[in-house]
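The values are calculated or read from the model by the stated rules, or taken from the named source; none is laboratory data. These numbers were taken from a predicted model, which means no experiment stands behind them. When we count neighbours, we look across all protein chains shown, and the Cβ atoms used for this are built from the backbone with ideal geometry, even at glycine. Side chains are part of the model used for accessible areas, which takes the heavy atoms of the whole protein and leaves out ligands, DNA and RNA. Shrake-Rupley method; radii C 1.70, N 1.55, O 1.52, S 1.80 Å.
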Amino acid sequence: MNVCNRLSRHARGQRGVTMLVVLVLLSVMLLGGMALARLTEVGTLASGNTAFREAAVQASEVGLNTVFERIRDDIGNEETAQAGWYWPTIQAADANGIPQVDFDAAPTIAVGPYTVAYVAERVCEGAMPVTQPLRQCLVKQEPQDVESQVFDKEALDPPNSRQFRVTVRVTGPKDTQTWVQSLITRGQ
């Protein structure tokens, strides 16, 4: 009997320890499951943010195309400011290169849930009118065909095209903002 009493006391003592080990393991598994759920949530949020950003960049294409058409049609040879969206000289910019203009007064286009605002600046420095466009402004020069030049006369300067910096602000869902800048060339 002495042996049976020892075995039963030993078994009763181990039951409590086993329960404690099981509870600790369940707690660790619960914490691991919660961490995995959080990682999945973060991954879903990150992929959603990437999708919103890609859609905003695609919406900015509408703004860039609209500005290109307006520069082609509205600006012509005039170099005067146009209703809050065009400046004939480069404007002051912040540390990120965004011009310090009132984007809330700029023209807007609705592209699905996104609002696209745009401004354009001719890449010129100094006062208007521009007296020396090749020195004051950024121009794109096209090389001339050597065969088309007359050899008995002095070669002409190659034709140049005017350069414009376009800044597009896309405001999306949850008031997120995406900024896109591009240079646009308009021939003389």
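When restricted to residues that are open to solvent by 80 Å² or more (accessible area, probe 1.4 Å) and among the hydroxyl-bearing types (Ser, Thr, Tyr), the range 19-49 contains 2.
None of ALA106, ALA95, ALA120, ALA56 is crowded, with 16+ Cβ neighbours inside 10 Å, under 27 Å from the mean Cα position of the chain (by Cα), at pLDDT 80 or above and part of a loop (DSSP other than H, G, I, E, B) except ALA106.
Restricting the first member to the range 42-70 and to residues that are on the phi > 0 side of the Ramachandran plot, and the second to residues that are not in a helix (DSSP H, G or I), no beta-carbon pair is closer than 6 Å while six or more apart or on different chains.
Results for (1) touching a Ser or Thr at 6+ places or on another chain (Cβ under 9 Å); (2) of a type in the set (Gly, Ala, Ser); (3) open to solvent by 50 Å² or more (accessible area, probe 1.4 Å); (4) at pLDDT below 55, shown as yes or no for each residue.
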position: GLN141; (1), (2), (3), (4): yes, no, yes, no
position: VAL146; (1), (2), (3), (4): no, no, yes, no
position: LEU156; (1), (2), (3), (4): no, no, yes, yes
position: ARG169; (1), (2), (3), (4): yes, no, no, no
position: PRO173; (1), (2), (3), (4): no, no, no, no
position: GLN181; (1), (2), (3), (4): yes, no, yes, no
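If you filter the range 66-82 down to residues that are out of contact with any strand residue (DSSP E or B) (no Cβ under 9 Å at 6 or more places or on another chain) and open to solvent by 90 Å² or more (accessible area, probe 1.4 Å), you find that the one that is modelled with the highest pLDDT is GLU69.
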